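Novice: Structure provided below as structure tokens; questions to follow.
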Amino acid sequence: MNNFVEPIKIKISKQFKNRIKNGYLWIFSNEIDHKYMLKQISYVEVYDHKDNFLCKGVYNPHSLISVRVLSQKKDEKIDKEFFYKKLKTAVERRKKYGIDIMFCRIIYGESDFLPGVVIDRYGDIFVLQFFSYGMELFKNEIFESLIDIFNPKFIVMNNDIYQRELESAPKNKEIVYTKNKSTNESITIIQHLDTKFVVDVLNGQKTGFYYDQLENRKYISSIAKDKNVLDLCCYTGSFSILCALSGSKNVVGVDSSSYAIKLANENAKINNVKVEFINSKVEDFVKNNKTKFDLIIFDPPSYTKSDKDINPAKKKYEFMLSQIMKMLEDKGLLAFSVCSRHISLENMQEVIVSSMLKNQQKGFIIYYGGQSKDHPIYLPMRKETEYLKFVVCEVFN
Ligand SMILES: C[S@@+](CC[C@H](N)C(=O)[O-])C[C@H]1O[C@@H](n2cnc3c(N)ncnc32)[C@H](O)[C@@H]1O
């Protein structure tokens with residue numbers, strides 16, 4: 001986008017209260033005054049029905065979230081400097097809270113006031129995701145700011161995400177910048193909790209690594225000593241490897257992705273630990289397994305795309321958990337993670353209880369966790385920015 005483009009004026013309808021003043025960063029399609037609806041993605045200035053200025057933002061006519069708010073200051077320019085400052089602020093905030101800014105989520109969308117934009121940093125490699133099609137109007141300004149601040153080697157834009165369907169946006173993955181004109185740098189080694197992990201930013205899942213589990217990995221490491229551990233949906237083996245390094249007796253990791261298992265084995269090798277990684281669906285592993293475990297971690301992918309999926313997802317969790325908990329020793333520990341903003345902590349507790357009941361088991365909750373500090377939960381948009389929940393229970397027969 002060039003600097004000469006002026007924002008287009010739109011208005012919200014009279015009956016809608018202005019939540020923008022309270023910090024809410026979305027305007028829904030039903031809130032826009034019909035006369036002002038646009039046909040294409042645009043940079044806009046939004047006014048109320050009395051013609052009071054509300055905000056500047058990006059507009060997508062194909063999304064239920066019509067406007068994502070960028071600024072509430074009428075005279076603030078949305079230019080490269082604007083994005084440069086947002087990036088700098090996000091880095092400073094992370095430093096303030098002791099986050100390792102070499103290896104973390106640098107921008108977490110709304111929580112860093114860049115709605116719909118995610119940026120993960122893997123040393124000098126950066127991966128961006130545009131959950132908002134509208135924000136792509138400013139992608140060059142964001143790339144240029146990234147390059148100025150971090151002098152990266154390699155930038156990937158991974159927009160191969162289902163949420164893009166809600167924006168009528170194309171799903172694609174591309175290398176948008178390489179310093180050395182080389183494309184073979186997609187595999188790197190990061191430091192995470194003083195441990196090395198191989199990350200493939202082009203062929204891995206999401207942006208390559210799940211930074212959001214950092215605090216929960218710390219907790220699991222603290223209880224893993226001398227235990228027989230089963231890590232279900234282990235991806236590249238982060239929980240498994242940390243357990244092995246913390247003195248677990250035996251560790252087994254299971255994942256349905258053969259590529260994830262390949263990287264998990266590499267991770268075990270570079271950290272000098274022994275873990276048995278199995279390429280299998282959890283459902284098949286459970287059927288064939290004869291061993292009992294002291295600690296089982298279950299971190300499945302999200303089963304929900306919207307609130308409509310809550311009940312089917314609860315049924316699926318219950319089905320899986322009841323079988324998984326049968327593999328626990330008496331007084332064994334279950335660590336259950338849900339990565340969905342649609343499933344509440346209460347939903348999780350209900351599912352755990354009903355699964356226990358099915359097995360005639362009981363238990364205690366011994367730990368609650370959530371997403372790491374580089375994925376801050378923004379208030380007032382808690383429901384939109386909080387997604388990861390993590391519960392550890394002692395389970396007895
Ligand atoms: C949220 S990720 C797990 C992240 C991992 N625990 C970590 O900390 O890096 C979910 C994983 O579940 C795997 N998966 C999805 N469905 C599965 C299934 N039915 N059986 C086994 N693994 C599955 C995916 O390949 C993915 O690696």
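The values are calculated or read from the model by the stated rules, or taken from the named source; none is laboratory data. These numbers were taken from a predicted model, which means no experiment stands behind them. Because the Cβ atoms are built from the backbone with ideal geometry, glycine has one as well, and the counts that use them run over all protein chains shown. We work out accessible area using only protein heavy atoms, side chains counted, and drop any ligands, DNA or RNA first. Shrake-Rupley method; radii C 1.70, N 1.55, O 1.52, S 1.80 Å.
Novice: Which of the trypsin sites (Lys or Arg not before Pro) found in the stretch 1-72 are in a DSSP loop and have at most 11 neighbouring Cβ atoms, other than their own, within 10 Å? Before the final figure, lay out the partial values.
Specialist: Values: sites: 9, 11, 14, 17, 19, 21, 35, 39, 50, 56, 68; in loops: 14, 17, 19, 39, 50.
Those satisfying the criteria are 14, 17, 39, 50.
Novice: How high is the relative contact order of the stretch 14-170, in percent, with contacts defined as C-alpha pairs under 8 Å that are six or more residues apart?
Specialist: Values: 261 pairs, mean separation 29.5, N = 157.
Over the stretch 14-170, the number comes to 19 percent.
Novice: Accessible area of the chain with a 1.4 Å probe: how many percent of it is carbon plus sulfur?
Specialist: Values: 9270 of 18390 Å².
Looking at the chain in its full context, I get 50 percent from C and S.
Novice: Within 15 Å, Cβ to Cβ, of residue 346, how many net charges do the neighbouring residues add up to if Lys/Arg are +1 and Asp/Glu are -1?
Specialist: +1
Novice: Could you state the orientation-averaged shadow area of the convex hull built on the Cα atoms of the stretch 169-320, in nm² to one decimal?
Specialist: Values: hull surface 44.9 nm².
Averaged projected area of the stretch 169-320's Cα convex hull equals 11.2 nm².
Novice: Could you work out how far helix 258-270 tilts from the main Cα principal axis of the chain, as a 0 to 90 degree angle to the nearest 10?
Specialist: Helix 258-270 and the main axis of the chain meet at about 70 degrees.
Novice: For the stretch 118-212, report the % of Cα-Cα distances exceeding 15 Å.
Specialist: Values: 2669 of 4465 pairs.
I get 60 percent for the Cα pairs in the stretch 118-212 exceeding 15 Å.
Novice: Treat every Asp and Glu Cβ in the chain as -1 and every Lys and Arg Cβ as +1, leave all other atoms uncharged, and give the resulting dipole magnitude about the Cα centre to the nearest 20 debye. It would help to have the intermediate numbers written out before the result.
Specialist: Details: 59 positive and 49 negative charges, 87 e Å.
Result for the chain is approximately 420 debye, rounded to the nearest 20.
Novice: Each residue of the stretch 193-200 in order: what ³J(HN,Hα) in whole Hz does its phi give by Karplus 6.51 cos²θ - 1.76 cosθ + 1.60, θ = phi - 60°, with x for Gly and Pro?
Specialist: These are the phi-based 3J(HN,Hα) values: 6, 6, 10, 8, 9, 7, 10, 10 Hz.
Novice: OK, next. Per residue and in cubic angstrom, what volume does the convex hull of the Cα atoms of the stretch 123-167 have? List each step's numbers first, then the result.
Specialist: Numbers: hull volume 2.8 nm³, N = 45.
Convex hull volume per residue, Cα atoms: 62 Å³.
Novice: With a cap of 10 neighbouring Cβ atoms within 10 Å, and only residues DSSP puts in a loop, list the chymotrypsin sites (Phe, Trp or Tyr not before Pro) found in the stretch 181-214. Intermediate results must be reported in sequence, preceding the final value.
Specialist: Working: sites: 197, 209, 210, 211; in loops: 209, 210.
When the chymotrypsin sites (Phe, Trp or Tyr not before Pro) of the stretch 181-214 are filtered for loop state and at most 10 Cβ neighbours within 10 Å, nothing remains.
Novice: Now for a separate question. Among 16, 117, 37, which residue has its Cα positioned farthest towards the positive end of the charge dipole of the stretch 1-157, with +1 placed on the Cβ of Lys and Arg, -1 on the Cβ of Asp and Glu, and the dipole taken about the Cα centre?
Specialist: The one lying farthest along the dipole's positive direction is 16.
Novice: Let me ask something additional. What lysines does residue 287 reach when the alpha-carbon gap must be under 26 Å and sequence neighbours fewer than 8 apart in one chain are set aside?
Specialist: 227, 249, 262, 274, 314, 315, 316, 326, 331, 358, 362
Novice: Right, here's the next one. Find, among the trypsin sites (Lys or Arg not before Pro) in the stretch 211-291, those assigned to loop by DSSP (not H, G, I, E, B) with at most 13 other beta-carbon atoms within 10 angstrom.
Specialist: Qualifying residues, ordered by number: 225, 249, 274, 281, 290.
Novice: For the stretch 1-41, list log₁₀ I(q)/I(0) at each q in 0.14, 0.16, 0.18, 0.26 Å⁻¹, using the Debye formula over Cα point scatterers of equal strength and ignoring solvent, two decimals each.
Specialist: Those come out to -0.41, -0.52, -0.63, -1.00, one per q.
Novice: Could you do me a favour and compute the accessible area per residue for the stretch 65-163, 1.4 Å probe, result in Å²?
Specialist: Details: 3600 Å² over 99 residues.
So the stretch 65-163 comes to 36 Å² accessible per residue, rounded to a whole number.
Novice: Within 13 Å, Cβ to Cβ, of residue 89, how many net charges do the neighbouring residues add up to if Lys/Arg are +1 and Asp/Glu are -1?
Specialist: Values: positive: 85, 86, 88, 93, 94, 95, 96; negative: 81, 92, 112.
My count for the surroundings of residue 89 gives +4.
Novice: Okay, next question. Over the stretch 209-317, give the accessible area per residue in Å² for a 1.4 Å probe, as an integer. All intermediate terms of the calculation are to be shown ahead of the outcome.
Specialist: Details: 4960 Å² over 109 residues.
On a per-residue basis, the stretch 209-317 sits at 45 Å².
Novice: Compute log10 of I(q)/I(0) for the stretch 176-261 with the Debye formula, placing one identical point scatterer on every Cα and leaving out solvent, at q = 0.18, 0.22 Å⁻¹, to two decimals.
Specialist: Per q value, in the given order, log10 I(q)/I(0) is -0.80, -1.08.
Novice: Could I ask something else about it? Pick out, from 351, 62, 154, the residue whose Cα sits farthest towards the positive end of the charge dipole of the chain, with +1 on the Cβ of Lys and Arg and -1 on the Cβ of Asp and Glu.
Specialist: 351
Novice: So what are the chain's ellipsoid semi-axes, whole angstrom, largest first, if each one is the square root of 5 times an eigenvalue of the alpha-carbon gyration tensor?
Specialist: Working: eigenvalues 326, 130, 57 Å².
Whole-Å semi-axes of the equivalent ellipsoid: 40, 25, 17.
Novice: Among the DSSP beta bridges whose two residues both lie in the stretch 85-160, what percent are antiparallel, rounded to the nearest 5?
Specialist: On the way: 11 of 15 bridges.
Rounded to the nearest five, the antiparallel share is 75 percent.
Novice: Under the Karplus relation 6.51 cos²θ - 1.76 cosθ + 1.60, θ = phi - 60°, what is the ordered set of whole-Hz ³J(HN,Hα) values for the stretch 146-158, x standing for Gly and Pro?
Specialist: The phi angles translate into 4, 5, 5, 7, 10, 6, x, 8, 7, 10, 10, 10, 10 Hz.
Novice: Could you work out the pair-distance distribution P(r) of the stretch 31-137 from its alpha-carbon pairs, with 10 angstrom bin width and percents rounded to whole numbers?
Specialist: Spelled out bin by bin, the stretch 31-137 gives 14, 41, 29, 13, 3 percent.
Novice: For the stretch 117-144 and the stretch 1-60, write down the distance between their C-alpha centroids in whole Å.
Specialist: If you average the Cα positions of each part, the centres end up 23 Å apart.
Novice: Taking the alpha-carbon distance from residue 74 and a cut-off under 17 Å, which aspartates and glutamates remain once sequence neighbours fewer than 8 residues away in the same chain are dropped?
Specialist: Filter leaves 6, 45, 48, 51.
Novice: Another question about this same structure. Please give the net charge around residue 329, taking every other residue with its beta carbon less than 9 angstrom from that of residue 329, where Lys and Arg add +1 and Asp and Glu add -1.
Specialist: Details: positive: 292, 331; negative: 294, 330.
Its environment carries a net charge of 0.
Novice: Per 5 Å bin, what percent of the C-alpha pairs of the stretch 230-347 does each bin hold, from zero upward?
Specialist: 2, 12, 21, 21, 20, 14, 7, 3, 0
Novice: Could you grab the Rg to Rh ratio for the stretch 297-397? Cα atoms only, Kirkwood for Rh.
Specialist: On the way: Rg = 13.7 Å, Rh = 14.0 Å.
When Rh is taken as the Kirkwood radius, the ratio is 0.98.
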